[in-house]
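Notes for the one structure printed next.
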Amino acid sequence: MTSININPETNPTVVGDITKPFPLKDGEFDFAVSFNTFEHIFDFNTPMSETFRVLKKSGRFIFSTPFLHQIHGSPDDYWRYSASALENILKNKGFTVRSIMPLGKGIFVARYSLLYVVLPRFLRPIFAGWAWYMDRVLETVSARYRKLCMSHNYPLGYFVVAEKPS
């Protein structure tokens with residue numbers, strides 16, 4: 001397994017800045033995986049293009065990115081990508097989008113996720129359970145709620161699978 005990270009404390013295979021060309025060969029990998037990284041990169045063009053370059057034909061790019069989430073550094077936090085933005089970015093870089101799955105449950109879980117950091121630790125499980133319960137009940141009894149208030153409209157993030165064409 002090969003990893004790239006700007007922080008040497010994470011013990012990556014390659015200590016490097018992914019906003020610069022990757023020190024890797026063209027078409028070297030079957031898969032590229034990234035979790036909650038792209039919101040921290042001001043210019044996503046290089047890492048997207050470089051990921052495409054280092055993948056083999058039919059190679060898969062699997063990643064996640066938050067959407068409804070408090071600002072969090074590392075060292076900076078720049079973006080929240082919608083499903084439409086992700087689809088267009090990937091297509092513009094040459095990828096075929098296989099799936100963009102919204103993460104979360106519904107409006108109550110989405111609101112809970114924003115309150116999480118301010119809630120006392122002992123209240124978090126109570127509020128989390130209540131939020132999941134309310135989303136589940138309203139999803140079950142209300143077609144309007146299913147249409148307007150579920151994860152497709154209130155995503156906490158997205159899980160994405162894209163492929164380099166063969």
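The values are calculated or read from the model by the stated rules, or taken from the named source; none is laboratory data. Fair warning: this is a prediction, and the values are worked out from it, not measured in the lab. A quick note on method: Cβ atoms are made from the backbone with ideal geometry, for glycine too, and the neighbour counts reach across all protein chains shown.
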Checking 77, 135 in turn, the sole residue that is of a type in the set (D, E, K, R) and under 30 Å from residue 18 (Cβ atoms) turns out to be 77
When restricted to 61, 95, 38, the only residue under 17 Å from the mean Cα position of the chain (by Cα), within 22 Å of residue 155 (Cα to Cα), at pLDDT 95 or above and of a type in the set (Phe, Trp, Tyr) is 61
Would you confirm, using the coordinates I've provided, whether residue 66 is modelled with pLDDT under 95, crowded, with 17+ Cβ neighbours inside 10 Å and farther than 29 Å from residue 141 by Cβ?
yes
Scanning region 70-92 for residues that are modelled with pLDDT of 95 or more and more than 11 Å from the chain's Cα centre (by Cα), the one surrounded by the fewest Cβ atoms within 10 Å (Cβ to Cβ) turns out to be 84
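With the condition kept exactly as written, say whether any residue in region 127-143 is among the small types (Gly, Ala, Ser), closer than 28 Å to residue 71 by Cα and not in a helix (DSSP H, G or I).
If we filter region 127-143 for residues that are among the small types (Gly, Ala, Ser), which is where we start, we get 128-129, 131, 142-143.
With closer than 28 Å to residue 71 by Cα added as a condition, the list becomes 128-129, 131.
Still in the running and not in a helix (DSSP H, G or I): none.
No, region 127-143 contains no residue that is among the small types (Gly, Ala, Ser), closer than 28 Å to residue 71 by Cα and not in a helix (DSSP H, G or I).
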Selection from region 70-97 of residues touching a residue at least 60 places away in the same chain (Cβ under 8 Å), in a loop (DSSP other than H, G, I, E, B) and either farther than 17 Å from residue 50 by Cβ or not assigned by TED's automatic domain parsing to the domain that holds residue 164 (or both) yields 81
Exception for residue 1 within (1) of a type in the set (A, V, I, L, M); (2) modelled with pLDDT under 95; (3) crowded, with 19+ Cβ neighbours inside 10 Å falls at (3)
Over region 1-58, the set of residues without any contact (Cβ under 8 Å) to a residue 24 or more places away in the chain and part of a loop (DSSP other than H, G, I, E, B) is 1, 3, 6, 7, 11, 12, 13, 16, 17, 23
Selection from region 1-53 of residues over 19 Å from residue 163 (Cβ atoms) and either of a type in the set (D, E, K, R) or not assigned by TED's automatic domain parsing to the domain that holds residue 81 (or both) yields 9, 17, 20, 25, 39, 43
For this session: Return a yes/no flag: does region 108-130 have any residue that is within 18 Å of the chain's Cα centre (by Cα), under 30 Å from residue 48 (Cα atoms) and buried (at least 17 other Cβ atoms within 10 Å of the Cβ).
Result: yes
